[in-house]
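To start, the structure under review is shown below, and the notes come after it.
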């Protein structure tokens, strides 16, 4: 509490000291009008006047909008009063001690007189009148006119601005605090431009006063020098004209700077930003203008009678700027767009984190990494995201629909060298990776001679070994195929997605597929939906196909097949069986190897067993599959005995069963070999070359 009181007292004391300092400064300026000062104080005062004017100019250049320098009229009055006071003080010194020499009024005036006039007072007079004309007729007159028009239009627009604020407040666009702030800005703007209209008269009066004071100094000094100091007329003219014109130049240069500051301030108008940014940015809007100006300068450079070098340098500079600006603008636009997108993404991400509804959403496919794997695969290796995108494109081309985005995340809850694959938020697979090692699938074959650790390949569960990556070239030379971590991960992910295609086909995906149909097939869809089958029923048929990895890329053929059977069947499984028969060429084409479809037949024993297990109603439709569990165990043993050696040989083959028992054979075999296709005899298209590689009997 004591500390807070001490801080408040310090702030109040500082404010009081600032008020006293300003009051003392104004009193000192007024005292200069009446009290004689030695030359050293005159030099200090003139230096302060020049520095003060330069400071005003810099502030006027760098402010964003005129209201940020609303104290300018007051500062202008103080600066004008300071110059006039110094003018009176220098006049007193020139008239009283001018006969003592060029340094009678101080070193600053003598230095300006010598530097600008070069020892000839005629040059000084001409330069003084030129500066006075530029200040009075050009800068001050233009700034005064701009201030008058600005004040008039600001006052005229006040009622409309007030009504706009009231309308926004009534509509709820702004709150009461914002309305108060806007009204205060309007009042300050009107007061500022009104004050600038009057303050510009200070600058104009200062120029007139400077001319009168200089003339008085010249004629009064000559008169005093001749009559009081008995100087020759030529010497009196030379001395007092140099001193008077030097004094006029010292006061006119700060006056010119302040007048320029006032002109910059009132001419800024509605533009925002510092002067150099506004000017450069608006010139950069028209690079062709710079190129055209460069062309004109180039023509002048080669024109006869004109110097080549100055115009050529200017032409080259303009051309360089004109060509560089579009590239800079494009780069700035790109960076701004990236920043905006990043800001929007951050905003959306923050909103998502704050939204309870977003917390309820689950990601369709998510690949979670442990911390160590994440640091290597996600950050160090930039091609993982690219390969995931390529994999999604491959799935879209192969299976006929776009699988959802695959989200790559880091999860600190799992082991540092492990990863998890989630489908709809549920972990369906997990495995470990060995950073710095490669995986070699060996199956039942020999192991490599290099140091290795046994493991199981995560995608298919085959025997494999981890081998240090430095032995990769040796492994290739020995006939082994080393697999890097990215390939192991993506192969596992691809296999999980293939097994989950039915889950990943959402109703939204179905609608997108149907919307891309040709108009003729849309009419076919309107004929069968919803009279014979609903859209959700159509989705169910596609899910049944995808569950057995049957591609739905030929959606028009699928719709034709559904239109044939839908009036006579209601179950998605029955409709899917008919669709499979119509897609026989596609199915066989996807499963053949070098034009040959290798099959494993279902022996007579199992054909009869499965057929007898089917229970039918009076209409002949299957309503139940009732088979002895012991037979299922025996069938699984036979399947494992026949199929496993073929898989280890790397052959691609299918199991063939009767049309009515095929779904149930698939139901039993998928628990042992999820990726093994099961076809019916009716699904083998004509012209397909068949090769029997085994029999289940």
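Observations, loosely collected:
Matching residues to (1) outside the structural domain of residue 128 (by TED's automatic domain parsing); (2) surrounded by 18 or more Cβ atoms within 10 Å (Cβ to Cβ); (3) modelled with pLDDT under 75; (4) out of contact with any helix residue (DSSP H, G or I) (no Cβ under 8 Å at 6 or more places or on another chain):
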| position | (1), (2), (3), (4) |
| --- | --- |
| 182 | no, no, no, no |
| 188 | no, no, yes, no |
| 198 | no, no, yes, no |
| 206 | no, yes, yes, no |
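- Residue that is part of a helix (DSSP H, G or I), in contact (Cβ under 8 Å) with a residue 60 or more places away in the chain and within 28 Å of residue 242 (Cα to Cα), where the choices are 48, 56, 40, 44: 40
- Condition check for residue 560: surrounded by fewer than 17 Cβ atoms within 10 Å (Cβ to Cβ) and modelled with pLDDT of 90 or more: yes
- Residue within region 376-383 that is part of a loop (DSSP other than H, G, I, E, B) and either in contact with a helix residue (DSSP H, G or I) (Cβ under 8 Å, 6 or more places away or on another chain) or in the same structural domain as residue 431 (by TED's automatic domain parsing) (or both) present: yes
- In region 668-697, residue surrounded by the fewest Cβ atoms within 10 Å (Cβ to Cβ) [restricted to those that are touching a helix residue (DSSP H, G or I) at 6+ places or on another chain (Cβ under 7 Å) and assigned to a helix (DSSP H, G or I)]: 682
- Applying a threshold of 6 Å to beta carbon distances and a minimum spacing of six or more residues, or different chains, the list of pairs starting in region 585-614 at a residue that is without any contact (Cβ under 8 Å) to a residue 40 or more places away in the chain and ending at one that is surrounded by 13 or more Cβ atoms within 10 Å (Cβ to Cβ) and part of a helix (DSSP H, G or I) reads 609/631.
- Test for residue 388: is it more than 27 Å from residue 650 (Cα to Cα) and touching a strand residue (DSSP E or B) at 6+ places or on another chain (Cβ under 7 Å): no
- Highlighted here would be strands (runs of 3 or more DSSP E) found entirely within region 414-471 that include at least 2 residues which are modelled with pLDDT of 85 or more and not assigned by TED's automatic domain parsing to the domain that holds residue 482, but there are none.
- Residue among 403, 441 that is more than 35 Å from the chain's Cα centre (by Cα) and either surrounded by 13 or more Cβ atoms within 10 Å (Cβ to Cβ) or over 15 Å from residue 370 (Cβ atoms) (or both): 441
- Across region 594-628, the qualifying residues are those that are modelled with pLDDT of 85 or more and under 60 Å from the mean Cα position of the chain (by Cα), and the one among them that is surrounded by the fewest Cβ atoms within 10 Å (Cβ to Cβ) is 596.
- Residue 517 meets each of the listed conditions (1) closer than 16 Å to residue 587 by Cα; (2) outside any helix (DSSP H, G or I) apart from (1).
- Segments classed as helices (runs of 4 or more DSSP H), wholly inside region 287-360, with at least 3 members that are at pLDDT below 80 and either surrounded by 10 or more Cβ atoms within 10 Å (Cβ to Cβ) or more than 31 Å from the chain's Cα centre (by Cα) (or both): 287-302, 308-354
- Filtered residues of region 444-462 (kept if over 49 Å from the mean Cα position of the chain (by Cα) and either surrounded by 14 or more Cβ atoms within 10 Å (Cβ to Cβ) or more than 22 Å from residue 477 (Cα to Cα) (or both)): 447, 448, 450
- Of all the criteria given as (1) loosely packed, with under 13 Cβ neighbours inside 10 Å; (2) within 28 Å of residue 648 (Cα to Cα); (3) in contact (Cβ under 8 Å) with a residue 24 or more places away in the chain, the one not satisfied by residue 420 is (1).
- Test for residue 536: is it at pLDDT below 90, in the same structural domain as residue 569 (by TED's automatic domain parsing), surrounded by fewer than 17 Cβ atoms within 10 Å (Cβ to Cβ) and closer than 28 Å to residue 674 by Cα: yes
- Selection status of residue 119, outside any helix (DSSP H, G or I) and either within 55 Å of the chain's Cα centre (by Cα) or modelled with pLDDT under 75 (or both): yes
- In region 475-505, of all residues being outside any helix (DSSP H, G or I) and touching a residue at least 12 places away in the same chain (Cβ under 8 Å), the one that is surrounded by the fewest Cβ atoms within 10 Å (Cβ to Cβ) corresponds to 481.
- When 656, 665 are checked against the criterion of being part of a strand (DSSP E or B) and either modelled with pLDDT of 90 or more or under 18 Å from residue 576 (Cα atoms) (or both), 656 stands alone in meeting it.
The values are calculated or read from the model by the stated rules, or taken from the named source; none is laboratory data. Model, not experiment: these values are computed from the prediction. As a convention, Cβ positions derive from the backbone with ideal geometry for all residues, glycine included, and neighbour counts pool all protein chains shown.
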